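Colleague: Dumping the structure here so I can ask a few things about it.
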Amino acid sequence: MTRIVSLLPAATEIAAGRGLLDQLVGVSHECDFPEEANARPRVTHCAVHNCGLTSGEVDQWIRRALRDNGTIYTIDELLLRELRPDVILTQKLCDVCAVGYGTVARLAETLPGPPKVVNLEPTSLSDIFDDIRRVAEACCVSARAEQLVASLSERVEIVRRKADRISHRPRCFLMEWVNPPFCSGHWGPELVEMAGGSDSLGHKRQPSAQINWRRVIDAGPEIIVLALCGYDINHARRDYELLRSFPDFDSLPAAQGGEIYLVDASAYFARPGPRIVDSLEILAGILHPREFREFVSRGRDDPCVVRIG
(Lines give C-alpha, C1' and ligand atoms only; values in the text may rest on other atoms or scores of the structure.)
Protein backbone atom coordinates (compact mmCIF):
# COMPACT_ATOMS: atom_id res chain seq x y z
CA MET A 1 0.00 0.00 0.00
CA THR A 2 1.28 3.47 -0.94
CA ARG A 3 1.49 5.68 2.13
CA ILE A 4 0.48 9.24 1.18
CA VAL A 5 0.98 12.55 2.98
CA SER A 6 -0.86 15.51 1.47
CA LEU A 7 0.27 19.03 2.30
CA LEU A 8 -2.43 20.61 0.14
CA PRO A 9 -6.24 20.56 0.57
CA ALA A 10 -6.81 20.15 -3.17
CA ALA A 11 -4.43 17.19 -3.28
CA THR A 12 -6.27 15.59 -0.35
CA GLU A 13 -9.55 15.90 -2.25
CA ILE A 14 -7.99 14.47 -5.40
CA ALA A 15 -6.54 11.49 -3.51
CA ALA A 16 -9.75 10.83 -1.61
CA GLY A 17 -11.82 11.15 -4.77
CA ARG A 18 -9.73 8.44 -6.41
CA GLY A 19 -10.33 5.96 -3.61
CA LEU A 20 -7.04 6.60 -1.81
CA LEU A 21 -8.41 7.83 1.51
CA ASP A 22 -7.26 4.68 3.33
CA GLN A 23 -3.73 5.32 2.08
CA LEU A 24 -3.70 8.93 3.27
CA VAL A 25 -1.67 8.83 6.48
CA GLY A 26 -1.14 12.56 7.05
CA VAL A 27 -2.59 15.91 5.93
CA SER A 28 -2.05 19.65 6.29
CA HIS A 29 -3.74 21.86 8.88
CA GLU A 30 -6.17 23.08 6.18
CA CYS A 31 -7.27 19.73 4.77
CA ASP A 32 -10.94 19.46 5.72
CA PHE A 33 -12.66 17.64 2.85
CA PRO A 34 -13.88 14.97 2.75
CA GLU A 35 -14.86 14.89 6.42
CA GLU A 36 -12.73 11.79 7.02
CA ALA A 37 -9.60 13.84 6.30
CA ASN A 38 -10.08 15.64 9.62
CA ALA A 39 -9.23 12.41 11.44
CA ARG A 40 -5.76 12.20 9.87
CA PRO A 41 -2.64 13.48 11.67
CA ARG A 42 -1.82 17.07 10.71
CA VAL A 43 1.80 17.61 9.76
CA THR A 44 1.73 21.39 9.15
CA HIS A 45 0.78 24.43 11.23
CA CYS A 46 0.13 28.11 10.56
CA ALA A 47 -0.07 30.61 13.41
CA VAL A 48 -2.86 32.68 11.85
CA HIS A 49 -5.08 29.79 10.74
CA ASN A 50 -8.57 30.34 12.23
CA CYS A 51 -7.19 32.87 14.72
CA GLY A 52 -9.82 35.57 14.15
CA LEU A 53 -7.61 38.30 12.66
CA THR A 54 -9.07 40.78 10.19
CA SER A 55 -8.04 40.53 6.54
CA GLY A 56 -5.79 43.57 6.97
CA GLU A 57 -4.09 41.98 9.98
CA VAL A 58 -3.66 38.69 8.13
CA ASP A 59 -2.08 40.50 5.18
CA GLN A 60 0.37 42.34 7.45
CA TRP A 61 1.28 39.15 9.35
CA ILE A 62 1.90 37.20 6.13
CA ARG A 63 4.08 39.92 4.63
CA ARG A 64 6.11 40.14 7.82
CA ALA A 65 6.51 36.36 8.17
CA LEU A 66 7.58 35.93 4.54
CA ARG A 67 10.09 38.77 4.93
CA ASP A 68 11.55 37.49 8.19
CA ASN A 69 11.25 33.72 7.80
CA GLY A 70 10.60 33.03 4.11
CA THR A 71 7.52 30.98 5.01
CA ILE A 72 4.32 31.21 7.05
CA TYR A 73 4.14 27.49 7.83
CA THR A 74 5.91 24.98 10.03
CA ILE A 75 6.23 21.24 9.42
CA ASP A 76 6.16 18.66 12.19
CA GLU A 77 9.30 16.84 11.03
CA LEU A 78 9.18 14.22 13.79
CA LEU A 79 5.59 13.29 12.91
CA LEU A 80 6.42 13.18 9.21
CA ARG A 81 9.23 10.72 9.90
CA GLU A 82 6.92 8.57 12.01
CA LEU A 83 4.36 8.47 9.18
CA ARG A 84 6.96 7.06 6.73
CA PRO A 85 5.29 8.35 3.54
CA ASP A 86 6.02 6.86 0.12
CA VAL A 87 4.50 9.89 -1.61
CA ILE A 88 4.25 13.51 -0.48
CA LEU A 89 1.81 15.77 -2.36
CA THR A 90 2.79 19.44 -2.27
CA GLN A 91 2.97 22.56 -4.44
CA LYS A 92 5.24 25.26 -5.85
CA LEU A 93 2.48 27.65 -6.92
CA CYS A 94 2.14 29.98 -3.94
CA ASP A 95 4.09 30.47 -0.69
CA VAL A 96 0.90 31.74 0.96
CA CYS A 97 -1.24 28.73 -0.01
CA ALA A 98 0.87 25.91 1.44
CA VAL A 99 4.37 24.88 2.47
CA GLY A 100 6.88 25.73 -0.26
CA TYR A 101 8.06 22.96 -2.56
CA GLY A 102 11.74 23.58 -1.82
CA THR A 103 11.23 23.13 1.91
CA VAL A 104 9.36 19.88 1.38
CA ALA A 105 11.83 18.52 -1.19
CA ARG A 106 14.84 19.18 1.08
CA LEU A 107 13.13 17.50 4.02
CA ALA A 108 12.03 14.54 1.90
CA GLU A 109 15.65 13.84 0.97
CA THR A 110 16.39 13.12 4.64
CA LEU A 111 13.50 10.65 5.05
CA PRO A 112 13.75 6.87 4.54
CA GLY A 113 13.16 5.86 0.94
CA PRO A 114 13.20 8.75 0.20
CA PRO A 115 9.52 9.43 -0.59
CA LYS A 116 8.47 10.70 -4.00
CA VAL A 117 7.56 14.40 -3.90
CA VAL A 118 4.77 15.34 -6.31
CA ASN A 119 4.55 19.04 -7.19
CA LEU A 120 1.16 20.48 -8.13
CA GLU A 121 1.43 23.88 -9.80
CA PRO A 122 -1.74 24.63 -11.78
CA THR A 123 -2.44 27.99 -13.41
CA SER A 124 -5.46 26.95 -15.49
CA LEU A 125 -8.36 24.53 -15.55
CA SER A 126 -6.50 22.14 -17.83
CA ASP A 127 -3.55 22.22 -15.42
CA ILE A 128 -5.87 21.20 -12.58
CA PHE A 129 -7.05 18.22 -14.62
CA ASP A 130 -3.41 17.33 -15.32
CA ASP A 131 -2.73 17.45 -11.57
CA ILE A 132 -5.51 14.93 -11.00
CA ARG A 133 -3.71 12.66 -13.45
CA ARG A 134 -0.35 13.38 -11.80
CA VAL A 135 -1.58 12.39 -8.34
CA ALA A 136 -3.22 9.24 -9.67
CA GLU A 137 -0.08 8.23 -11.57
CA ALA A 138 2.14 8.73 -8.53
CA CYS A 139 -0.21 6.51 -6.54
CA CYS A 140 -0.53 3.89 -9.32
CA VAL A 141 -4.24 4.45 -10.08
CA SER A 142 -4.02 6.28 -13.43
CA ALA A 143 -7.21 4.75 -14.85
CA ARG A 144 -9.28 6.24 -12.03
CA ALA A 145 -8.01 9.72 -12.91
CA GLU A 146 -9.22 9.47 -16.50
CA GLN A 147 -12.69 8.57 -15.30
CA LEU A 148 -12.86 11.63 -13.05
CA VAL A 149 -11.36 14.02 -15.63
CA ALA A 150 -13.84 12.80 -18.25
CA SER A 151 -16.76 13.44 -15.91
CA LEU A 152 -15.51 16.90 -14.93
CA SER A 153 -14.77 17.83 -18.55
CA GLU A 154 -18.31 16.95 -19.57
CA ARG A 155 -19.70 19.33 -16.95
CA VAL A 156 -17.35 22.07 -18.13
CA GLU A 157 -18.45 21.66 -21.73
CA ILE A 158 -22.13 21.87 -20.78
CA VAL A 159 -21.51 25.29 -19.18
CA ARG A 160 -19.19 26.48 -21.93
CA ARG A 161 -21.55 25.58 -24.79
CA LYS A 162 -24.54 27.26 -23.16
CA ALA A 163 -22.53 30.37 -22.19
CA ASP A 164 -21.15 30.71 -25.72
CA ARG A 165 -24.71 31.20 -27.00
CA ILE A 166 -25.28 34.20 -24.70
CA SER A 167 -24.43 37.53 -26.31
CA HIS A 168 -24.23 39.69 -23.17
CA ARG A 169 -21.05 39.13 -21.14
CA PRO A 170 -21.40 41.16 -17.94
CA ARG A 171 -18.40 42.92 -16.43
CA CYS A 172 -17.43 40.86 -13.37
CA PHE A 173 -14.86 41.54 -10.70
CA LEU A 174 -13.75 38.29 -9.07
CA MET A 175 -12.13 39.60 -5.90
CA GLU A 176 -9.58 37.46 -4.01
CA TRP A 177 -8.90 39.77 -1.04
CA VAL A 178 -10.45 42.94 0.34
CA ASN A 179 -7.84 44.62 2.53
CA PRO A 180 -5.81 45.38 0.53
CA PRO A 181 -7.78 44.71 -2.69
CA PHE A 182 -6.54 41.80 -4.80
CA CYS A 183 -7.84 40.75 -8.22
CA SER A 184 -8.18 37.10 -9.18
CA GLY A 185 -5.39 35.19 -10.86
CA HIS A 186 -4.49 31.83 -12.35
CA TRP A 187 -7.72 29.98 -13.27
CA GLY A 188 -10.08 32.64 -11.83
CA PRO A 189 -10.44 34.88 -14.92
CA GLU A 190 -10.69 31.76 -17.08
CA LEU A 191 -13.67 30.52 -15.06
CA VAL A 192 -15.38 33.90 -15.44
CA GLU A 193 -14.83 33.77 -19.19
CA MET A 194 -16.11 30.19 -19.49
CA ALA A 195 -19.20 31.09 -17.48
CA GLY A 196 -20.06 33.92 -19.84
CA GLY A 197 -18.54 36.98 -18.20
CA SER A 198 -15.60 39.33 -18.55
CA ASP A 199 -13.07 40.19 -15.82
CA SER A 200 -10.76 42.90 -17.17
CA LEU A 201 -9.05 43.23 -13.78
CA GLY A 202 -8.05 39.58 -13.47
CA HIS A 203 -4.62 38.11 -14.20
CA LYS A 204 -5.26 35.03 -16.32
CA ARG A 205 -2.71 32.23 -15.71
CA GLN A 206 -0.71 34.59 -13.48
CA PRO A 207 -0.69 35.11 -9.71
CA SER A 208 -3.39 37.29 -8.23
CA ALA A 209 -2.13 40.77 -7.43
CA GLN A 210 -2.86 43.77 -5.27
CA ILE A 211 -4.61 46.49 -7.25
CA ASN A 212 -5.53 50.09 -6.65
CA TRP A 213 -9.18 50.52 -5.68
CA ARG A 214 -9.51 53.32 -8.24
CA ARG A 215 -8.98 50.72 -10.99
CA VAL A 216 -12.06 48.87 -9.74
CA ILE A 217 -14.10 52.06 -9.79
CA ASP A 218 -12.90 52.85 -13.32
CA ALA A 219 -13.69 49.31 -14.53
CA GLY A 220 -17.29 49.66 -13.31
CA PRO A 221 -18.08 45.97 -12.68
CA GLU A 222 -21.73 45.03 -13.03
CA ILE A 223 -21.17 42.03 -10.75
CA ILE A 224 -18.74 41.57 -7.86
CA VAL A 225 -17.96 38.10 -6.52
CA LEU A 226 -16.09 37.97 -3.23
CA ALA A 227 -14.05 34.79 -3.61
CA LEU A 228 -11.68 35.58 -0.77
CA CYS A 229 -8.74 33.21 -0.54
CA GLY A 230 -9.17 30.79 2.35
CA TYR A 231 -12.49 32.32 3.45
CA ASP A 232 -15.90 30.74 3.72
CA ILE A 233 -19.11 32.75 3.35
CA ASN A 234 -19.23 33.89 6.99
CA HIS A 235 -15.71 35.31 6.81
CA ALA A 236 -16.48 36.92 3.46
CA ARG A 237 -19.60 38.53 4.94
CA ARG A 238 -17.45 40.36 7.49
CA ASP A 239 -15.16 41.71 4.78
CA TYR A 240 -18.13 42.81 2.68
CA GLU A 241 -18.95 45.30 5.43
CA LEU A 242 -15.42 46.67 5.09
CA LEU A 243 -15.73 46.81 1.30
CA ARG A 244 -18.84 48.95 1.58
CA SER A 245 -16.75 51.65 3.28
CA PHE A 246 -14.37 52.00 0.33
CA PRO A 247 -14.45 55.34 -1.54
CA ASP A 248 -17.21 55.56 -4.19
CA PHE A 249 -18.33 51.99 -3.54
CA ASP A 250 -21.96 53.02 -3.94
CA SER A 251 -21.20 54.37 -7.43
CA LEU A 252 -20.37 50.90 -8.76
CA PRO A 253 -23.02 49.35 -11.04
CA ALA A 254 -22.75 46.14 -8.98
CA ALA A 255 -23.60 48.02 -5.79
CA GLN A 256 -26.44 49.96 -7.40
CA GLY A 257 -27.91 46.82 -8.95
CA GLY A 258 -27.52 44.64 -5.86
CA GLU A 259 -25.25 42.26 -7.76
CA ILE A 260 -22.69 41.38 -5.10
CA TYR A 261 -22.12 37.76 -4.14
CA LEU A 262 -20.26 35.92 -1.42
CA VAL A 263 -18.87 32.46 -2.20
CA ASP A 264 -17.11 29.80 -0.18
CA ALA A 265 -13.71 30.27 -1.78
CA SER A 266 -11.99 28.01 0.74
CA ALA A 267 -13.97 25.04 -0.53
CA TYR A 268 -14.25 26.01 -4.19
CA PHE A 269 -12.55 28.89 -6.02
CA ALA A 270 -9.24 28.86 -4.15
CA ARG A 271 -8.95 25.07 -4.06
CA PRO A 272 -7.69 23.65 -7.40
CA GLY A 273 -9.18 20.19 -7.13
CA PRO A 274 -12.31 18.46 -8.45
CA ARG A 275 -14.65 21.08 -6.95
CA ILE A 276 -13.17 23.76 -9.21
CA VAL A 277 -15.87 22.71 -11.67
CA ASP A 278 -18.48 23.47 -9.01
CA SER A 279 -16.91 26.95 -8.95
CA LEU A 280 -17.53 27.31 -12.68
CA GLU A 281 -21.16 26.29 -12.22
CA ILE A 282 -21.57 28.73 -9.32
CA LEU A 283 -20.26 31.55 -11.53
CA ALA A 284 -22.60 30.56 -14.35
CA GLY A 285 -25.54 30.84 -11.96
CA ILE A 286 -24.34 34.27 -10.82
CA LEU A 287 -23.61 35.71 -14.27
CA HIS A 288 -26.60 34.25 -16.12
CA PRO A 289 -29.28 33.14 -13.64
CA ARG A 290 -31.99 32.74 -16.28
CA GLU A 291 -29.93 30.38 -18.41
CA PHE A 292 -28.38 28.49 -15.48
CA ARG A 293 -31.26 28.25 -13.03
CA GLU A 294 -29.92 25.00 -11.58
CA PHE A 295 -26.86 26.83 -10.21
CA VAL A 296 -28.58 29.91 -8.75
CA SER A 297 -28.17 30.58 -5.02
CA ARG A 298 -30.85 29.02 -2.85
CA GLY A 299 -30.83 32.02 -0.52
CA ARG A 300 -29.05 33.23 2.61
CA ASP A 301 -28.50 29.68 3.90
CA ASP A 302 -26.87 28.43 0.71
CA PRO A 303 -23.43 27.07 1.76
CA CYS A 304 -21.87 27.81 -1.66
CA VAL A 305 -23.05 31.25 -2.77
CA VAL A 306 -25.13 34.06 -1.28
CA ARG A 307 -26.35 37.24 -2.97
CA ILE A 308 -25.78 40.05 -0.53
CA GLY A 309 -25.73 43.31 -2.53
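Colleague: Return the residue satisfying two criteria in turn: it lies in the stretch 257-300 and is assigned to a loop (DSSP other than H, G, I, E, B) and aromatic (Phe, Trp, Tyr), and of such residues it is farthest from residue 226 (Cα to Cα). I'd like the intermediate steps shown before the answer.
Modeller: Taking the stretch 257-300 and keeping what is assigned to a loop (DSSP other than H, G, I, E, B), we get 257-259, 264-275, 288-292, 296-300.
From what's left, aromatic (Phe, Trp, Tyr): 268-269, 292.
Details: 268: 12, 269: 10, 292: 20 Å.
Here the answer is 292.
Colleague: From 144, 106, 134, grab the single residue that is at pLDDT 85 or above, surrounded by fewer than 19 Cβ atoms within 10 Å (Cβ to Cβ), outside any loop (DSSP other than H, G, I, E, B) and out of contact with any Pro (no Cβ under 9 Å at 6 or more places or on another chain).
Modeller: Working: 144 fails: at pLDDT 85 or above; 134 fails: surrounded by fewer than 19 Cβ atoms within 10 Å (Cβ to Cβ).
Only one candidate qualifies: 106.
Colleague: Related question: Restricting attention to the stretch 198-226, which residues are farther than 13 Å from residue 181 by Cβ and among the small types (Gly, Ala, Ser)?
Modeller: Listed by number, the residues that qualify are 198, 200, 220.
Colleague: Do you know which residues across the stretch 1-29 are under 16 Å from residue 86 (Cβ atoms) and aliphatic (A, V, I, L, M)?
Modeller: 1, 4, 5, 7, 11, 15, 20, 21, 24, 25, 27
Colleague: Any residue in the stretch 207-224 that's in a helix (DSSP H, G or I): show its pairings with residues that are open to solvent by 30 Å² or more (accessible area, probe 1.4 Å) at Cβ separation under 8 Å, as long as the two are six or more apart or on different chains.
Modeller: That search, which allows pairs on different chains as well, returns 213/246; 213/247; 217/247; 217/248; 217/251; 219/171; 219/200.
Colleague: Do we have any residue at all in the stretch 227-246 that's assigned to a strand (DSSP E or B) and either surrounded by fewer than 21 Cβ atoms within 10 Å (Cβ to Cβ) or under 15 Å from the mean Cα position of the chain (by Cα) (or both)? Break it down into steps so the answer makes sense when it comes.
Modeller: Applying the first criterion (assigned to a strand (DSSP E or B)) to the stretch 227-246 yields none.
No, every residue in the stretch 227-246 fails to be assigned to a strand (DSSP E or B) and either surrounded by fewer than 21 Cβ atoms within 10 Å (Cβ to Cβ) or under 15 Å from the mean Cα position of the chain (by Cα) (or both).
Colleague: For the stretch 181-200, which positions are open to solvent by 10 Å² or more (accessible area, probe 1.4 Å) and either under 25 Å from residue 245 (Cα atoms) or of a type in the set (Gly, Ala, Ser) (or both)?
Modeller: Within the stretch 181-200, 181, 182, 198, 199, 200 qualify.
Colleague: Further question: Please state which one of 129, 173 is in a helix (DSSP H, G or I) and buried (at least 17 other Cβ atoms within 10 Å of the Cβ). Working first, answer last.
Modeller: Numbers: 173 fails: in a helix (DSSP H, G or I).
Just a single option satisfies the conditions, and that option is 129.
The values are calculated or read from the model by the stated rules, or taken from the named source; none is laboratory data. Since the structure is predicted, the reported quantities are computational estimates derived from the model, not experimental observations. Quick reminder, even Gly has a Cβ in these numbers, built from the backbone with ideal geometry, and neighbours come from all protein chains shown. The accessibility values were calculated without ligands, DNA or RNA, using every heavy atom of the protein model including side chains. Shrake-Rupley method; radii C 1.70, N 1.55, O 1.52, S 1.80 Å.
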